[in-house]
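**Q** What follows is a single structure, and I will ask about it in a moment.
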Amino acid sequence: MIKPTPIAHTLAIIPARGGSKGLPRKNVRLLGGIPLIAYTIRAALHSRVERVIVSTDDEEIASVARQAGAEVPFLRPADYSTDQATSLSVLLHALDFMETKLGYHPRHILFLQPTSPFRTAHHVDEALDRYLSIGTASLISVTEVQEFHPYFMFRIQPDGMMKPLIELEQRPLRRQDLPPFYRINGAIYISCREYYHNLPADAAIFDWNHIAAYPMDAPSSVDINDYLDFQKAELLLKQEMEQGE
């Protein structure tokens, strides 16, 4: 595959610490014979992103990432690799290293979690195009809610009675009458460099006040956090391979 012309000053950061809890060693676990993290690296490398780096504290993950073609310019310090470390702190550490140590100053930052193996270069490029054409501070990928529609979600009050999450005069009874709702799927986060100046410690890695959405289909939105998620991904991959035969 020929890589398209990169968008200047566009940096993809792939976070991958070694101490994952829900599915131990998930970032290097083989999915279809390929390390999980390699799917995200491949998508980023084949997209219009200019540079692709992996932020990890783990030597094995670093080695796998380099073999897949990503840069691993540092090993992430322990302070940024705990269960309490935020995505923002990991991103800001990587940005600081790239700018102060390597002299690389990106204008657009993509945060691509390695737990989304079915997000492709096509998705990355479409999301980038939408982000740039709208001129927003941030963009995030979403997928339509399928199973648990907010119209049928409830709170349980102190007296034990149920209260609808969303109050309606008349609640639709048929699924086909439900309006579309979307959830964040964790596959693509994009923000401009300016957003990360002078942020409070509890900020998000995207700007909630100026954010666009990039919808993705459900199969492409699989997010692997535990063994059941991994089994689902294996099943989808098997079905895809069988359909291609």
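**Q** Can you tell me, using C-alpha contacts under 8 Å and at least 6 residues apart, the relative contact order of segment 46-94 as a whole percent?
**A** The normalised contact order for segment 46-94 reaches 34 percent.
**Q** Could you provide, to the nearest whole Å², the per residue accessible area of the chain with probe 1.4 Å?
**A** On a per-residue basis, 54 Å².
**Q** Using Cα-Cα distances under 8 Å and only pairs 6 or more residues apart, what relative contact order does the chain have, in percent?
**A** This gives 23 percent for the chain.
**Q** For H105 and I134, what is the calculated FRET efficiency with R₀ set at 30 Å and r taken between the beta-carbons, to the nearest 0.05?
**A** 0.85
**Q** Which FRET efficiency value, to the nearest 0.05, is calculated for K238 and K21 with the Förster distance at 25 angstrom and r the Cβ-Cβ distance?
**A** Calculated value: 0.40.
**Q** For the residue pair L228 and M153, what label-to-label distance in nm results when each label sits 7 Å from Cα along the Cα-to-beta-carbon direction?
**A** The answer from the label model is 1.7 nm.
**Q** Next up: How far apart, in nm, are the 7 Å Cα→Cβ label points at S63 and Y182?
**A** Taking the two extended label points, one gets 4.1 nm.
**Q** Taking one equal scatterer on every alpha-carbon of segment 111-208, how large is log10 of I(q)/I(0) by Debye at q = 0.23, 0.24 1/Å?
**A** -1.14, -1.19
**Q** Distance in nm between label sites at H9 and M162, each 7 Å beyond Cα in the beta-carbon direction?
**A** Taking the simple label geometry, H9 and M162 are separated by 5.3 nm.
**Q** May I pose another question? Quick check: residue separation of V145 and Q84 times 0.36 nm, minus the Cα distance between them. What number comes out in nm?
**A** 19.1 nm
**Q** Take the solvent-accessible surface of the protein heavy atoms, probe 1.4 Å, and return the percent of it on the chain that carbon and sulfur atoms account for.
**A** The computed percentage sits at 53.
**Q** Please work out how many pairs of lysine residues in the chain are eight or more positions apart (or on different chains) and have Cα atoms closer than 29 angstrom. List each step's numbers first, then the result.
**A** Details: K3/K26; K3/K101; K3/K238; K21/K232; K21/K238; K26/K232; K26/K238.
Count of close lysine pairs: 7.
**Q** For I188, list long-range residues whose amide hydrogen, built 1.01 Å from N in the peptide plane, is under 5 Å from its own amide hydrogen.
**A** S141
The values are calculated or read from the model by the stated rules, or taken from the named source; none is laboratory data. Since we're looking at a predicted model, the values are computed, not measured. Reconstructed Cβ throughout: ideal geometry from the backbone, glycine too, with neighbour counts over all protein chains shown. Heads up: the accessible areas ignore ligands, DNA and RNA and are worked out on the full protein's heavy atoms, side chains in. Shrake-Rupley method; radii C 1.70, N 1.55, O 1.52, S 1.80 Å.
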